[in-house]
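These notes concern the structure reproduced below.
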Amino acid sequence: MDEKMIGQWGGEEPGQPSLVLWAGGRASGSDGCNRLMGSWRADGDGYLFSQMASTMMYCQGVDTWLSRIASAREADGQLIVCDAGGLEIGRLAALGS
């Protein structure tokens, strides 16, 4: 059975961070180097992430900021990504329709 995609953000080129939220509460993506996987849930006007894990490959010159995701919210066609302290660590553009 196919899981329904809730949203998709990031770059479409290899080496770019990306994130997909699935209807069952699963999150997946890439920090630009390593695969990311974990859980998400809605929280007010945003999302909270838990049990996030990643592969541990070394990729020279790649900023793996997305691996620190703890929460996010959508604004102006972007996903604003925050760390565990609530500080913005980056933004991802919305993909698809």
| message | Given (1) touching a residue at least 60 places away in the same chain (Cβ under 8 Å); (2) surrounded by 11 or more Cβ atoms within 10 Å (Cβ to Cβ); (3) part of a loop (DSSP other than H, G, I, E, B), identify the lone condition not met by Trp9. | response | (3)
| message | I'd like the residue in segment 56-82 that is under 15 Å from Ser18 (Cα atoms) and at pLDDT below 90 and, out of all such residues, is most open to solvent (accessible area, probe 1.4 Å). | response | Asp63
| query | If the Cβ limit is 6 Å and pairs must be 6+ apart or interchain, which residue in segment 38-49 that is closer than 15 Å to Cys82 by Cα pairs with which residue that is assigned to a strand (DSSP E or B) and open to solvent by 70 Å² or more (accessible area, probe 1.4 Å)? | reply | Asp45/Arg73; Gly46/Arg73; Leu48/Arg41
| task | Hand me the list of strands (runs of 3 or more DSSP E) wholly inside segment 14-97 holding 2 or more residues that are small (Gly, Ala, Ser) and under 21 Å from Glu3 (Cβ atoms). | result | 26-30, 35-43, 46-54
| Tell me, which residue of segment 24-53 that is more than 17 Å from Leu92 (Cβ to Cβ) and among the basic types (Lys, Arg) is surrounded by the most Cβ atoms within 10 Å (Cβ to Cβ)? | Arg26
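The values are calculated or read from the model by the stated rules, or taken from the named source; none is laboratory data. Owing to the predicted nature of the structure, the values given are computational and were not obtained by experimental measurement. Note that each Cβ is placed from the backbone with ideal geometry, even for glycine, and that neighbours are counted across all protein chains shown. These area figures cover heavy atoms from the full protein model, side chains too; ligands, DNA and RNA do not enter into them. Shrake-Rupley method; radii C 1.70, N 1.55, O 1.52, S 1.80 Å.
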